[in-house]
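**Student:** Handing you this structure, nothing more for now.
The values are calculated or read from the model by the stated rules, or taken from the named source; none is laboratory data. Note that the structure is predicted; figures quoted are calculated from it, not measured. Every residue, glycine as well, gets a Cβ built from its backbone with ideal geometry; the counts of neighbours run over all protein chains shown. These accessible areas exclude ligands, DNA and RNA; they are computed on the full protein's heavy atoms, side chains included. Shrake-Rupley method; radii C 1.70, N 1.55, O 1.52, S 1.80 Å.
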Amino acid sequence: MNRTLKKLFSNTASLIGIILLFIFVIIALFAPLIAPPLTDDSYQIPRMSWEVNPQPPGFPMSEDIRAIYDYMGVEVRYDKAIFGTAEGGYDIFYGLIWGTRTAFRVGLITVIISVLIGILVGSFSGYFGGWLDEILMRITDIFLSFPFLVAAMVLTTILGRGLDKVMIALIAFGWMGYARLIRGSILATKEETYVTAAKALGVKDVKIIGKHLLPNTIFPVMVQATMNIGSMVITAAALSFLGVGAPVGYADWGQMVSFARNWIIGAPGHAGQYWYTVFYPGIFIVLFVLAWNLVGDTLRDILDPRLRGEL
Amino acid sequence: MLSYIIRRLLLLPIILLGVTFLIFCLFSLLSPMERLATYVHDPATLKNPQSVQRLIDKYHLDDPFPLGYINWIKRIIHFDLGWSQTANQPVWEAITQRFPATLELVLYSIIPVVLVGIWLGVISAVHHNDMLDQTIRVTAIVGWSLPTFIFGLLILFIFYGILEWFPPGRLSTWAQNILYTSPDFRSYTHLITIDALLNGNIPMFLDALRHLIAPILTLSYISWAELLRITRSSMLDTLRKDYIRTARAKGVDEHTVIHLHARKNALIPVVTVAGMQIIGMLGGVVITETIFNYPGLGFWVASSAQQLDYSSVISFALLFATLMVLGNLIVDISYALIDPRVRLE
């Protein structure tokens, strides 16, 4: 374990990944200080104007919106759109800062629950074998028969808009990889002598799985989980981009990009006029996903015994 | 070998049945009224309680779950997939009309995936750990981290917004006029590039190609990145094998070792991954077509999802799952044909 950590920190690629992740954690933790919320619902992106067109970086809050906050008795501690505004006057900076929390929540929750389901299905299937294995694996095959994005989109459409629905859809079609991985590893180790010995001693099945079999698969599962956090966040963002994800105005990176969709080409004669609507959200998403992939990619190389000593 | 193929073929109907069952479960999450709406052309009929009851009876929407499933399957077998509000036509008609556009996009995207992915992967492995390898590898990871919808918007921004090279859509207006109104133009395959060539219309072929380049790039770049990674690691593995050392020891030149001895064996696992990547592009068409207003299945289903047009969305899922199951079957069988070790098992 120590060796793994040391390698993670000494490899340039993964060091960059770790530093990026650290920055994102800071942003997520201190979101209320970096972008103070103006209403009780801090995930609702404040609007800086009622304009439909995006407004350039540095755009100050318009007078009529300020008047509303004054009327409501809210102290406006934050009145400039540093990164400009998206379609409809939504502040890009605010959306990105609070969107970091959304990204962590979506990525971590979906991956952790998917891994748990994968452990359950995979270990039962691999350990008990027989007809249970056959049934569970065929069910896995059926869930794997859908392109991930299509399946998530269909389920979200049916369940209705909202971040919780998106997460349910991502989990429902995200556990199969782990189940197969864990099943394979358990099949490979369950005939080992130490497992037979534990069985002969009368150790309970659940304990054998948990104590003797699962620890062997922990590393490959960790690698896959790390890399999947990025792709879960991408898929959630893609759903928002398609207009079936988070509700309008919710601090979510995919939604920020979706706001940019109609403006990316710019007005005739002013190509690239609205570059900031896709540039800033794009940077946030790419760096976040890249950070997880860099760490995951290095983890895989470190834990691959065939490549040991070559890094 | 034969028994393996037979087993896979026997499993096929079971998987397909499971797929339809899962989709029907999703469908059942909707209320009877919402389910009814998927069969109705005219929303006005839903206002009259009597006609609603008649329609519920007609489509067996009150039936218990197992019976409802059987009736639903019966309708699907007869291609009665309901009415698409978004396309304003029956769902099956909407699908057959849009399928060629999507097929054309996917077919063209296979070429860069296979060529570039494998080519760069081999180069990367041969130059293991030096500058070239690191550059290719980092590019692949960055490419992998760049979501399709951002990459697509960037392509649109650069090549249409600024350079005006690759416009969105499928054809320019003048070419559309020829396609839809000219009596001389005959559509043989509904793949516009091929039809244009068959009709000897070179400007139209070029126009169609011009519209395809940006979506192809967007749809395929993630698959290159993945294929590159697999080719690289497979090639690295193979280059460490004993028989390669033997070949080098007996003085075979490096070029022959890499291209004749190593690459052939290294590409065996790559074939599966390439197949899976090509199948995986099916999911990507939704985003790609939406960004470039490309009038295929993906564009249609994205707007259907936004407008809660359930019949279209569910039929799309059914179609793509079927395509994916068939695709996986082909990949598995071809893998068994290529790799003698699998054949012997």
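**Student:** Using 17 Å as the cut-off for backbone N distance, which residues of the range A:107-138 belong to the label zone defined by a point 7 Å from the Cα of B:Phe21 along Cα→Cβ?
**Tutor:** Under cut-off, by backbone N: A:131-138.
**Student:** Can you return the lysines within cross-link range of B:Lys47? Criterion is Cα-Cα under 19 Å, with same-chain partners fewer than 8 residues away left out.
**Tutor:** Output for B:Lys47: B:Lys58.
**Student:** Relative contact order (percent) for chain A, with alpha-carbon contacts under 8 angstrom and 6 or more residues of separation? Walk me through the numbers on the way to the answer.
**Tutor:** Numbers: 451 pairs, mean separation 75.7, N = 311.
In percent, rounded to a whole number, it is 24.
**Student:** Something else now. Any idea how far the Cα center of the range A:74-138 sits from the one of the range B:82-158, in Å?
**Tutor:** One Cα centre to the other: 24 Å.
**Student:** How far apart, in nm, are the 7 Å Cα→Cβ label points at A:Thr39 and A:Ala197?
**Tutor:** Rounded to a tenth, the inter-label distance reads 6.4 nm.
**Student:** Working from the pairwise distances between different alpha carbons, so that the mean of 1/r is found and then inverted, what is the range B:92-338's Kirkwood radius in Å?
**Tutor:** On the way: mean 1/r = 0.0498 Å⁻¹.
Computed over the range B:92-338, the radius equals 20.1 Å.
**Student:** Hey, another quick one. Would you please give the residues with an amide H less than 5 Å from that of B:Gln89, counting only those at least 5 places away or on a separate chain, with H modeled from the backbone geometry?
**Tutor:** Amide H neighbours of B:Gln89, under 5 Å, 5+ apart: B:Ser84.
**Student:** For the range A:137-252, with equal point scatterers placed on the C-alpha atoms only and solvent neglected, what are the log10 I(q)/I(0) values from the Debye formula at q = 0.14, 0.16 1/Å, to two decimals?
**Tutor:** At q = 0.14, 0.16 Å⁻¹ the computed log10 ratios are -0.69, -0.80.
**Student:** Residue by residue through A:237-243, how many Cβ atoms from other chains fall within 10 Å of the Cβ on average? Provide the component values of the computation, followed by the final result.
**Tutor:** Working: counts 3, 9, 1, 1, 10, 10, 6.
Counting other chains' Cβ atoms within 10 Å and averaging over A:237-243 gives 6.
**Student:** Check cross-link reach from A:Lys80 to the lysines: straight Cα distance under 20 Å, and skip same-chain residues fewer than eight apart.
**Tutor:** Leaving aside lysines fewer than 8 places away in the same chain, none come within reach of A:Lys80.
**Student:** Using only protein heavy atoms and a 1.4 Å probe, report how much of B:Trp92 is accessible, in Å² to the nearest 10.
**Tutor:** My reading of the accessible area for B:Trp92 is about 90 Å².
**Student:** Right, next: Ignoring any ligand, DNA or RNA, what whole percent of the accessible area of the protein assembly as shown comes from carbon and sulfur when the probe is 1.4 angstrom? Please list the in-between numbers first.
**Tutor:** Working: 20080 of 30250 Å².
Answer for the protein assembly as shown is 66 percent, counting heavy atoms of protein chains only.
**Student:** Could you give the C-alpha radius of gyration of the range B:254-345 expressed as a fraction of 2.2 N^0.38 Å, taking N as the number of residues it contains? Before the final figure, lay out the partial values.
**Tutor:** Values: Rg = 18.7 Å, N = 92, 2.2 N^0.38 = 12.3 Å.
In units of the 2.2 N^0.38 Å rule of thumb, it is 1.53.
**Student:** Here is a follow-up. Which helices count as membrane-span-like in chain A under these terms: full DSSP H, at least 15 Å along the axis by C-alpha, Kyte-Doolittle mean of 0.5 or more?
**Tutor:** On the way: long enough: A:12-29 (26 Å, 2.98); A:92-128 (52 Å, 1.54); A:130-144 (21 Å, 0.84); A:148-159 (16 Å, 2.60); A:176-189 (20 Å, 0.68); A:214-242 (40 Å, 1.32); A:276-303 (40 Å, 1.33).
Helices passing the filter in chain A: A:12-29, A:92-128, A:130-144, A:148-159, A:176-189, A:214-242, A:276-303.
**Student:** Okay, moving on. May I ask for the Rg/Rh ratio of the range B:2-84, computed from Cα atoms with Rh as the Kirkwood radius, given to two decimals?
**Tutor:** Details: Rg = 16.3 Å, Rh = 14.5 Å.
My calculation of the ratio gives 1.13.
**Student:** Show that you can apply the helix-only estimate: for the protein assembly as shown, add -39,500 (n - 2.57) for every DSSP H stretch of four or more residues, divide by all residues, and state [θ] at 222 nm to the nearest 500. Please list the in-between numbers first.
**Tutor:** Working: 28 runs with 453 residues, N = 656.
Calculated mean residue ellipticity at 222 nm is -23000 deg cm²/dmol.
**Student:** Let me ask you something else. May I ask which of A:Lys6/A:Lys211; A:Lys6/B:Lys250; A:Lys7/B:Lys241 have a Cα-Cα span longer than 31 Å here?
**Tutor:** A:Lys6/B:Lys250
**Student:** Collect residues whose amide H, placed 1.01 Å from N in the peptide plane, falls under 5 Å from the amide H of A:Ala81; neighbours closer than 5 in sequence don't count.
**Tutor:** Those qualifying (amide H under 5 Å, at least 5 residues apart or on another chain) are A:Gly58, A:Phe59, A:Met61.
**Student:** A further question follows. State the answer as a single residue: which of B:Pro183, A:Val52, A:Ala169 lies farthest towards the positive end of the charge dipole of the protein assembly as shown, with beta carbon charges of +1 for Lys and Arg and -1 for Asp and Glu, about the Cα centre.
**Tutor:** A:Ala169
**Student:** Want the number for B:Leu29 to B:Ser303: 0.36 nm per residue separation, take away the alpha-carbon distance, what's left?
**Tutor:** Working: separation 274, 0.36 × 274 = 98.64 nm, distance 2.09 nm.
Roughly 96.5 nm would be gained on extension.
**Student:** Taking the Cα atoms only, what angle lies between the long axis of helix B:131-145 and the longest principal axis of chain B, rounded to 10 degrees?
**Tutor:** That works out to roughly 10 degrees.
**Student:** Between helix B:65-77 and chain B, what is the angle of the helix's C-alpha long axis to the longest principal axis, kept within 0 to 90° and rounded to the nearest 10?
**Tutor:** 70 degrees
**Student:** Run the simple label-point estimate for B:Leu67 and A:Val25 please: 7 Å along Cα→C-beta, distance reported in nm.
**Tutor:** 5.9 nm
**Student:** Evaluate the relative contact order of chain B (contact order divided by residue number), counting alpha-carbon pairs under 8 angstrom at least 6 apart; express in whole percent. Don't skip to the answer; put the middle values down first.
**Tutor:** Numbers: 366 pairs, mean separation 85.1, N = 345.
It comes to 25 percent, rounded to a whole number.
**Student:** Determine the relative contact order of the range B:2-84: mean sequence separation of Cα pairs under 8 Å and six or more apart, normalised by residue count, in whole percent.
**Tutor:** Relative contact order here is 30 percent.
**Student:** Also, I was wondering about something else. Quickly rank B:248-258, A:25-35 as a protection proxy: mean count of other C-beta atoms within 10 Å, highest first. Present the calculation step by step, with values, prior to reporting the outcome.
**Tutor:** On the way: B:248-258: 11.3, A:25-35: 15.1.
Per-residue mean Cβ counts within 10 Å order the peptides as A:25-35, B:248-258.
**Student:** On to the next question. Regarding chain A, what are the three Cα extents along the principal axes, ordered largest first, in Å?
**Tutor:** Principal extents (largest minus smallest coordinate, Cα): 78, 46, 43 Å.
**Student:** Given a Förster distance of 35 angstrom, what is the FRET efficiency for B:Asn88 paired with B:Leu326, based on the Cβ-Cβ distance and rounded to 0.05? If you can, show how the numbers build up before the last one.
**Tutor:** Numbers: r = 30 Å, r/R0 = 0.85.
Step by step, r from the Cβ atoms, then E = 0.75.
**Student:** To the nearest 10 degrees, how steep is helix B:91-126 against the longest Cα principal axis of chain B, on a 0 to 90 scale?
**Tutor:** 10 degrees
**Student:** Let me ask something additional. Projecting each Cα onto the charge dipole of the protein assembly as shown (Lys/Arg +1, Asp/Glu -1 at the beta carbon, about the Cα centre), which of B:Ile6, A:Tyr274, A:Thr156 comes out farthest on the positive side?
**Tutor:** My answer, from the dipole projection, is B:Ile6.
**Student:** Would you kindly compute the Cα radius of gyration of the range A:242-301 and its largest Cα-Cα separation (Dmax), both in Å?
**Tutor:** So, for the range A:242-301, Rg and Dmax equal 15.1, 49 Å respectively.
**Student:** Based on the alpha-carbon set only, what is the convex hull volume of the protein assembly as shown divided per residue, in Å³? If you can, show how the numbers build up before the last one.
**Tutor:** Values: hull volume 143.7 nm³, N = 656.
Per-residue hull volume (Cα only) is 219 Å³.
**Student:** Can you compute the charge dipole magnitude of chain B about its Cα centre, using +1 on each Lys and Arg Cβ and -1 on each Asp and Glu Cβ, nothing else charged? Give it in debye, rounded to the nearest 20. Working shown, then result.
**Tutor:** Numbers: 24 positive and 24 negative charges, 176 e Å.
The dipole of chain B has a size of about 840 debye.
**Student:** So for the pair B:Leu107, B:Arg186, with labels modelled 7 Å out along Cα→Cβ, what separation do we get in nm?
**Tutor:** Placing both labels 7 Å beyond Cα along the Cβ direction yields 1.8 nm.
**Student:** Here's another thing I want to ask about it. Given H placed 1.01 Å from N in the peptide plane, which residues other than close sequence neighbours of A:Tyr90 have an amide H under 5 Å from its amide H?
**Tutor:** A:Met48
**Student:** Where the centroid of each part is defined by its Cα atoms, how far is the range A:235-260 from the range B:244-301 in Å?
**Tutor:** 31 Å
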